[in-house]
Each structure stands twice: as structure tokens, then as C-alpha cells.
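S.K.: Sending over a structure as C-alpha cells; questions will come in a sec.
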Amino acid sequence: MEEEGMGQALSQSQYDAAIRAIESDAATDAEKAEMLMEVAMGMQSRPKEVDDLHRAIALYRRALELNPEGVLAARIRARLGTALQALPDGGSDALKQARGFYESALPELARHGRPEEAAEVEMNLGLTQQSLAANGGARIQDAIQCYHRALRVFTRESHPQEYAILHNNLAIAYLSIPLADERAQMREALAVQSFEEVLKVVNLVDHPSEYAMIQNNLGNALQYASSGHPLENNLRALAAYDEALKVRNARDTPLEYANTLSNKANVLRNLPEDPDAPGMGRESGLLRARTLYEEAREVFARFSNAHGVGVIDDAMLDIDGELARARPANGNGGDGSHAAR
């Protein structure tokens, strides 16, 4: 508690010192505005509490009053947008304000700033639009366009981290659009492609947790894609989940592990009959799925995840019913040695 109090006092003293400094006549308005921006950026980069972000926002706004035009003003607006976007208590109002500042900063930065500055604003604007679109406050297509404009600058070779973030956001954006039109299949393919682009940057050794997350998401995209090649997609999804499970385990990441096990079980449960792939038949897939579901259920139950337990219970009931219907047809009383047709 003492450490938090000291941090709050330090932040307040920095804020007060910055305000006192601009009352001096020893600097131009532009110099004062730049000083305020730098102090605000320091507060924003190491916030101890939400009030630090509010203080940073106040300093950015004061800087704009001193210097409302030109490329410096555009940079201040861009930073102000990021602070508003970061507010945990800001809601859609803060996001809408952030969007306005990004949009007002872009023209000046595109003309007189560095290409990376405008691309960063495009990336942040896209994320803001994507967040607002979840509640109908923006069009997800506008976010997608922002990401594509940013990718003209943030290439895999020059800016791998930004490139990976943009493609991850793109994939999620593509998958968030309802599937009720003729371009749905193309968007699903683009989402898969974007996840694969992320994996050209994010690898198992250097970024294990991110690698596992992307592989899990890639598996989901492949599994639920409305493709003309369901078996191929499902086998690729299984491979992606297996990659995620190289990182996720019951000891270190139990809930993520259980989610991936459950996702893998969903694929196995829905594998179509394949006479050319021994061991990958319908009944074999159901039995393997049930084993994974049981392990995932144990983890969810241990962490009191009632939703996860309930979903798995329903899935296992369906599997048991299908196996029971298949076994009399096999003519062997139910040892499950043949795949159900």
C-alpha cells in the first residue's frame, strides 16, 4: 500500500511541476507543448493507476491548447488518442474520442510526419474501430482498411512486431463479420492466411505463449471454415492444436490447455469418414475426442469453470449417443471396432 501511495504522489508531483513549468516565459508555446507531451508520455508508459492516464490526458489537452496546429499538434493528438484508448474505465465514449483524435492527426502526419508515424496511427485507429464495431459503434470494414494501409509501411522485414499485430487483428476482424453473404468463404480464407503470416514472425522458441495462442486460433479458423475441403482443413487444424500443446500444459497454463484440448476434441468428434486414412475413421475420432474431453473437463471442474464443464458434458452425451447407435449396427454387441456409417 505504501508503494502505491508513493507512486501516486510522484505522479501528481510530476503533473504539478509540468503545469508550473509552462507558466514560465522562458520557452515558446511549441517548446512548452512538447515538454508537456513528453511528461505525459512518461506517465502513460508506466501507469501505476488509472489516475496516471487521466493526468496524461489532461497534459496532452493542455499541450494542444498551447500548440493547436502543425505536425507537433498532430503528434500530440495521436498520443492523446492512445491514452484515451488505454483507459480501462473509458468505455465507448473514450474510444470515440480516441478515434476523433486519430482521424484529425492522420492528414498532417501523412504529409509532414514520418511514414511510421502515420502507420502507427492507422494501426491504433483500426483497433479503435474494431473495438467500437463490437457494439455497433463502427464498421469492421473500416478497421480492416486501416490495417491494410498500415501494412504498406509495417512490413515483415522492416517491422516484424507491428506486422504480426496487424495480421492477428486482421484475422480476428475477418472472423467477426457474419457469414451471411457470398464473400464469407473468402474472408475465412483470408483469416487463415493472416494467422499464418503471424506465424512467420512469432515462433515457438522466442514467443512461446504468443505462438500457442496463434496456433490455437489458427486451428479454430480452419476447423470452422466453410471450405470445400473439410477433411484437409480438419487435419490442418489438428496439427495447429498439436503445435499449441507444445507450449500449453496442465501445470503452467491449465485453462488454456483445457481450451485447446477441447478444441482438438471438437475436430476429432466431427471428422468425416476417410477410407484412405486408417485410424481416422468416424468412430475412432469419437473415442479419441471423448478421451480429450474428459481431461479438459477435469481441468475446468478444478477451476470451477461451469460453462466449460457444461459444454463438454453436452458434447460427451452426444458422443455416447452416437457410439451407442453405431455399435448394434456393427453386429458385435458394441466393441466399437468399426466406424459408424
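S.K.: If you count only protein heavy atoms with a 1.4 Å probe, what accessible area per residue comes out for region 216-272, rounded to a whole Å²?
M.R.: Here the residues of region 216-272 average 42 Å² of exposed surface.
S.K.: Can you give the convex hull volume per residue for the Cα atoms of region 164-286, as a whole number of Å³?
M.R.: Hull volume normalised by residue count: 115 Å³.
S.K.: When ligands, DNA and RNA are left out and all protein chains stay put, how many square angstrom of accessible area per residue does region 13-77 have with a 1.4 Å probe?
M.R.: 52 Å²
S.K.: For His307 and Asn135, calculate 0.36 nm times their separation in residues minus their Cα-Cα distance, and state this gained length in nm to one decimal.
M.R.: Length gained between His307 and Asn135: 59.6 nm.
S.K.: Ranked highest first by average number of other Cβ atoms within 10 Å, how do 306-317, 108-119 line up?
M.R.: 108-119, 306-317
S.K.: For the chain, give the percent of accessible area contributed by carbon and sulfur heavy atoms, probe 1.4 Å, rounded to a whole number.
M.R.: Accessible surface attributable to carbon and sulfur in the chain totals 52 percent.
S.K.: Same structure again: Can you give me the distance in nm between label points at Glu157 and Arg46, each placed 7 Å from the Cα along the Cα-to-Cβ direction?
M.R.: 3.7 nm
S.K.: Under the rule of -39500 (n - 2.57) per DSSP H run of 4 or more residues, summed and divided by the residues of the chain, what mean residue ellipticity at 222 nm is obtained, to the nearest 500 deg cm²/dmol?
M.R.: Taken over the chain, the calculation gives -25000 deg cm²/dmol.
S.K.: At 25 °C and 0.890 mPa s, what whole-number value in µm²/s does Stokes-Einstein give for the translational diffusion of the chain, with Rh from the Kirkwood sum over Cα pairs?
M.R.: This corresponds to a translational diffusion coefficient of 105 µm²/s.
S.K.: With every protein chain kept in place and ligands, DNA and RNA left out, what is the accessible area per residue of region 109-161? Probe 1.4 Å, answer in Å².
M.R.: Value for region 109-161: 53 Å² per residue.
S.K.: With +1 on each Lys and Arg Cβ and -1 on each Asp and Glu Cβ, how big is the dipole of region 189-260 about its Cα centre, in debye rounded to the nearest 20?
M.R.: I would put it at about 120 debye.
S.K.: Can you give the alpha-carbon Rg of region 140-201 over 2.2 N^0.38 Å, where N counts its residues?
M.R.: That works out to 1.10 for region 140-201.
The values are calculated or read from the model by the stated rules, or taken from the named source; none is laboratory data. In this text the structure is predicted, and so the values were computed from the model without any measurement. Note: ideal-geometry Cβ built from the backbone for every residue, glycine included; neighbour counts use all protein chains shown. For accessibility, only protein heavy atoms count, side chains too; no ligands or nucleic acids. Shrake-Rupley method; radii C 1.70, N 1.55, O 1.52, S 1.80 Å.
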